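To start, the structure itself, in structure tokens.
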Amino acid sequence: MGLLLDGFTHRTIDTGEIEIGYSVGPDNGPTLLLLHGMSSRRDGFINVVEPLSKNHRIVTMDQRGHGYSSHTPGEYARENQVRDVVFVLENVCKEPAILWGHSMGGGNAASTVSKHPELATALVLEDSGLGGGAARRPSSRGSMTNIFAAHLELIEAGMSAEEMAPKLQELSPNQPEYFAPWKAECLLQMDIEIIRGSVEGTRPAGGDPKEILSKIECPVLFLQADPHAGGSNTDEYLAEIIPNRENFKIEKIIGSGHNINREHTELLLPVVLPWLENLQQN
């Protein structure tokens, strides 16, 4: 079905280490770099791209091992993913940007901003996997591991995208119409090593989330999915790791599962758009 990004320019850039697939939207304002989660790809934010594009220049990239970016077996540690993000910021965005990361992408975004504050103006973390490894997950993380295990089983069964789509619809019945065939493509494009590492608990940890966040001084909006609806972060866990400072804001989206931007766009946009608008006014 191809990328679901109308009006975007699609390109690939060689970092000297890997090739990264990325897309750029119209230049309508400050740059906003979108970082997808595990088993997704650059068009995973399709439900929010249009409203975000009205006042921003959207750049969205396939993280290594996903979409149209290179597979790098054995080299999926957070530090490698952060290096890719920095390359895109410096060579595609070419200006300090707002970073928005979902799940795994949020961990990569937070680590990037923590290590390279000069490259970011603000940070949005959407139910982000800040720990980067099973040992640092709250107990509510179990539901996502179960979903990844089901995805891994479908990949290992050698199914085509057409065969996989109905199974994915059964696993996630409340998703948009495009979801199942799109997700099937994403799963077949990604490096199976990544999802296997998450299921088996061998995925490299991404560092201490409390330490990472403590170094971030730009405005941060943490979008918390509902732990009772499939969200990855409990209230207690976030209270432990997120600094009690004015630049951090937590918004809990009641009733939304892990992928807020896709599952409950109507609840997310009234929270995010005013926050982004306020950034431009200050």
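No value in this document is a laboratory result; all are computed from the given coordinates. Note that the coordinates shown come from a computational prediction; the quantities given were computed from them, not determined experimentally. Cβ atoms come from the backbone with ideal geometry, glycine included; neighbour counts cover every protein chain shown.
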For the chain, the fraction of alpha-carbon pairs in successive 10 Å shells from zero, as %: 7, 32, 40, 20, 2, 0
Percent of alpha carbon pairs in segment 238-282 separated by more than 12 Å? 68
Measure out, as a whole number of angstrom, how far apart the alpha-carbon centroids of segment 206-261 and segment 11-48 sit. 23
Starting with the highest mean, order 253-259, 162-168 by the number of other Cβ atoms within 10 Å, averaged over the residues of each peptide. 253-259, 162-168
At what distance in nm do the modelled label points of residue 14 and residue 236 sit from each other, each positioned 7 Å from its Cα along Cα→Cβ? 5.2
Name the lysines eligible as straight-distance cross-link partners of residue 115: C-alpha to C-alpha under 20 Å, and not fewer than 8 places from it in the same chain. 94, 210, 215
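Highest mean first, how do 171-177, 81-87, 234-240 rank when packing is the count of other Cβ atoms within 10 Å averaged over residues? Provide the component values of the computation, followed by the final result.
Numbers: 171-177: 12.1, 81-87: 20.4, 234-240: 14.1.
Result, highest mean Cβ count within 10 Å first: 81-87, 234-240, 171-177.
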Gain on full stretching of the segment that runs from residue 178 to residue 275 - 0.36 nm per residue minus C-alpha separation: 32.1 nm
When the label point is put 7 Å from the Cα of residue 245 along its Cα-to-beta-carbon vector, which residues of segment 89-115 have a backbone N closer than 15 Å? 110-115
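Given axes a ≥ b ≥ c from the Cα gyration tensor, I'd like to know whether segment 1-129 is rounded (a/c under 1.5), prolate (a/b larger than b/c) or oblate.
Cα axes put segment 1-129 in the rounded bin.
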The chain: calculated mean residue ellipticity at 222 nm from DSSP helix runs of at least 4, using -39500 (n - 2.57): -11500 deg cm²/dmol
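Once you order the gyration tensor axes a ≥ b ≥ c over the Cα atoms, which shape class does segment 145-282 get: rounded for a/c under 1.5, otherwise prolate or oblate by comparing a/b with b/c?
Values: a/c = 2.36, a/b = 1.59, b/c = 1.48.
Taking the square roots of the gyration eigenvalues as a ≥ b ≥ c, segment 145-282 is prolate.
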Excluding residues fewer than 8 positions from residue 167 in its own chain, the aspartates and glutamates with Cα under 16 Å of it are 153, 156, 177, 185
Among bridges DSSP assigns within the chain, what percent are antiparallel (round to 5)? 25
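Once you list every other residue whose beta carbon is under 15 Å from the beta carbon of residue 98, what net charge do they have if Lys and Arg are +1 and Asp and Glu are -1? If you can, show how the numbers build up before the last one.
Values: positive: 54, 57, 94, 249; negative: 27, 95, 118, 126, 217, 277.
For residues surrounding residue 98, the net value is -2.
According to the square roots a ≥ b ≥ c of the eigenvalues of the Cα gyration tensor, what is the shape class of segment 174-225, taking rounded for a/c under 1.5, prolate for a/b larger than b/c otherwise, and oblate for the remainder?
On the way: a/c = 3.11, a/b = 1.48, b/c = 2.11.
Since a/c reaches 1.5 but b/c is at least a/b, the shape of segment 174-225 is classed as oblate.
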